[in-house]
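Novice: Before we start, here is the structure in question, set down as C-alpha cells.
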Amino acid sequence: MTYRAGRHFLQIPGPTNVPDRVLRAMDRPTIDHRGPDFNRLSREVLDALKPVFGTRGPVVIYPASGTGAWEAALVNTLSPGDRVLMCETGQFAMLWRNLAQRLGLVTELLPGDWRHGANAEAIEARLKEDREHEIKAVCVVHNETSTGVTSRIPLVRAAMDRAGHPALLMVDTISSLASIDYRQEEWGVDVTVAGSQKGLMLPPGLSFNGIGPKALAASRTAGLPRSYWSWEEMLASNKSGWFPYTPATNLLYGLREALAMLMEEGLEHVFARHDRHAEATRRAVRAWGLEVLCADPEEYSSSLTAVMLPDGHDADRVRALILEHFDLSLGTGLGRLAGKVFRIGHLGDFNDLALAGTLAGVEMGLDLAGVPIARQGVRAAMDHLAAARRPVSLPRAAA
Ligand SMILES: *Cc1c(COP(=O)(O)O)cnc(C)c1O
C-alpha cells in the first residue's frame, strides 16, 4: 500500500468519521472496570445517554454491534412462538426479521417496495384483525439505511393506539439516533435499539437498548433464553455503576466525549445540520438529473441519500471508480438494490465543506464513469448551503 495524501472521505452511512476529540478521549490506558474511576465514567455515560434517546428510563450498553442490540430487544421481551409484526422497509428490516425467525419467533412481514417507510394504515389494519392479541411486538426500522427512508414513528404509534392493541413497539434507531429527531418516551416506544458507529460518531463496538416500562414488565415473564443479553443482570449492576461482565472501557471514554459534543452543539442543531446536508444532497442529485430512491418527501432520510442510477449503469462500478480516483467511500446497494443504487452517508461528524467535497467526488466519478449527468449538482448543493447561512451573515445596519 502506498501512502495516499490527505484525508480519506468515509461517506458510507456507517461506520462514520470519528472526530479527533473522540479518538483522543479513547487514547488512554485501560482502567480497572471494578474501580472508582470506571464507576464514575459509567454513571456519567448511563445518565448522559438518556436525553439522546428521549427517555428518563434506563438505557443499557452492550459491547456488541447493532445486531446484538436487535437480539437483546427480542430475547428480553418475548417467548418462543410469539408472533412479531415487522415492516419490509429494506435490507435491515429483513435482517432483523431473519434474526427473529432464528430465535424461534413467528414473524409476519408487512410487504414494502423499499422506497417507502413503514405503512401505518397497514399496521393498524393488521392489528385490528388480531383480536386474540397474538401479535406481541411491532418492529420498525426508524431510518432504513439500505434505502434512505425514515419511517414516521409517531404515525406507527398512533395506528397501534387506534387499533387498541397491546403489542410492544420496538424501533431500530441504529442510523438515526443523534442524527434525526427521535423521542422514545414521547412517541411511546417500548424498546429502542441503537449502535455506536453511526450518528453517535464512535467506532463500531457498542450497542444499546433503551427500555420503556412496558418492555421492562414484559421482560419479567418473557420465555426466550437469554444470558449475555439479559437486561435483568445488566440493570441490577448498572444501578450502582457496574457491569455484569467486562465493558468496552475505552469505547465508553469515547462515548462520554461524543455525548458531550452532542450537548455542546445542541441536539436540535445537530438534527438541523443533518436536515440541511440531506436537502443539499437531494438538490445535487436532482441537478445531476438522477433520482433519489426514497419516493415520499415526508420520509426523506437526513442520515443518508440513496441515489438510483439509470438502467445500464452499475452503481458499484461508479463507487469503485470514485474510491480509486478520489479516495471517497460510498455505500453499496444492499440486497435487491445491489448495483442499482449507491448511498451517500451524510451523518455524524460532518460539515458543509465536507459535504461539498463529497458531492464533488461523486459528480466527478459519475462523469468519469460515463453516467449521463448535468454537471450542476455541486453548484445546486452549494446554493442551498449558502442560502441557509444568509440570514445570519447579513451585515447589521449602522446605528
Ligand atoms: C448498521 C445498521 C444495522 C446493523 O448494525 P451492526 O452494527 O452492523 O450490527 C442495523 N440496522 C440499521 C438500521 C443499521 O443502519
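No lab work stands behind these numbers, since they all come straight from the coordinates. From a predicted model like this one, the values you see are computed outputs, not experimental measurements. Cβ coordinates were reconstructed from backbone atoms using ideal geometry, including for glycine residues, and neighbour counts include every protein chain displayed.
Novice: Compute the length gained on full extension between D47 and D367: take 0.36 nm times their separation in residues and subtract their Cα-Cα distance, giving the result in nm to one decimal.
Specialist: 110.4 nm
Novice: Then there's this: For each of T249, T30, count neighbouring Cβ atoms within 10 Å of the residue's Cβ, then give the residues from fewest to most.
Specialist: T30, T249
Novice: Can you give the net charge of the other residues whose Cβ lies under 12 Å from the Cβ of E233, counting K and R as +1 and D and E as -1?
Specialist: Taking every other residue near E233 into account, the sum is +1.
Novice: Among V141, V106, S240, which residue has its Cα positioned farthest towards the positive end of the charge dipole of the range 20-263, with +1 placed on the Cβ of Lys and Arg, -1 on the Cβ of Asp and Glu, and the dipole taken about the Cα centre?
Specialist: Farthest towards the positive pole: S240.
Novice: Continuing with this model, one more query. Stick to the Cα atoms of the range 20-263, pair each with every other, and give me the Kirkwood hydrodynamic radius in Å at one decimal.
Specialist: Result for the range 20-263 stands at 18.1 Å.
Novice: Using R₀ = 22 Å, calculate the FRET efficiency as 1/(1 + (r/R₀)^6) where r is the Cβ-Cβ separation of T221 and Y245; round to 0.05.
Specialist: Given R0 = 22 Å and the Cβ-Cβ separation, E is 0.35.
Novice: What FRET efficiency do you get for S65 and L323 if R0 is 30 Å and r is their Cβ-Cβ distance, rounded to the nearest 0.05?
Specialist: Result of the calculation: an efficiency of 0.80.
Novice: Continuing with the same structure: Once you charge only the Cβ atoms, +1 for Lys and Arg and -1 for Asp and Glu, what is the size of the charge dipole of the range 210-284 about its Cα centre, to the nearest 20 debye?
Specialist: The calculated dipole for the range 210-284 is roughly 260 debye.
Novice: Quick one: length gained pulling R183 to N39 fully straight, 0.36 nm per residue minus the C-alpha distance? Walk me through the numbers on the way to the answer.
Specialist: Numbers: separation 144, 0.36 × 144 = 51.84 nm, distance 2.75 nm.
Full extension from R183 to N39 adds 49.1 nm.
Novice: Now for a separate question. Express in nm, to one decimal, how much length is gained between R4 and D32 on full extension, taking 0.36 nm for each residue of separation and deducting their alpha carbon distance.
Specialist: Here the segment from R4 to D32 would lengthen by 6.2 nm.
Novice: With only Lys, Arg, Asp and Glu charged, each at its Cβ (+1 for the first two, -1 for the last two), find how big the charge dipole of the chain is about the Cα centre; round to the nearest 20 debye. Please list the in-between numbers first.
Specialist: Details: 43 positive and 46 negative charges, 107 e Å.
So the dipole magnitude of the chain works out to roughly 520 debye.
Novice: Charges only on Cβ, +1 for Lys and Arg, -1 for Asp and Glu: so what's the dipole of the range 52-127 about the Cα centre, in debye to the nearest 20?
Specialist: Here the range 52-127 has a charge dipole of around 180 debye.
Novice: Please report the net charge: other residues with Cβ closer than 13 Å to the Cβ of Y253, K and R +1, D and E -1. Can you show the working numbers first?
Specialist: Values: positive: R21, R24, R28, R40, R256; negative: D27, D37, E44, E257.
That works out to +1.
Novice: For the pair R102/E264, report the inter-label distance in nm, with labels modelled 7 Å from Cα in the Cβ direction.
Specialist: For R102 paired with E264, the spin-label model returns 4.0 nm.
Novice: Checking the table K50/K136; K136/K340; K50/K214; K50/K128; K198/K340 against a 29 Å threshold on Cα-Cα, which pairs fail?
Specialist: On the way: K50/K136 26 Å; K136/K340 36 Å; K50/K214 17 Å; K50/K128 33 Å; K198/K340 23 Å.
Beyond 29 Å between Cα atoms: K136/K340; K50/K128.
Novice: Cβ under 11 Å from D352's Cβ, D352 left aside: what net charge do those residues give with Lys, Arg +1 and Asp, Glu -1?
Specialist: On the way: positive: R273, R276, R389; negative: none.
In short, +3.
Novice: Based on DSSP H runs of at least 4 residues, each adding -39500 (n - 2.57), what is the mean residue ellipticity at 222 nm of the chain after dividing by all its residues, to the nearest 500 deg cm²/dmol?
Specialist: -13500 deg cm²/dmol
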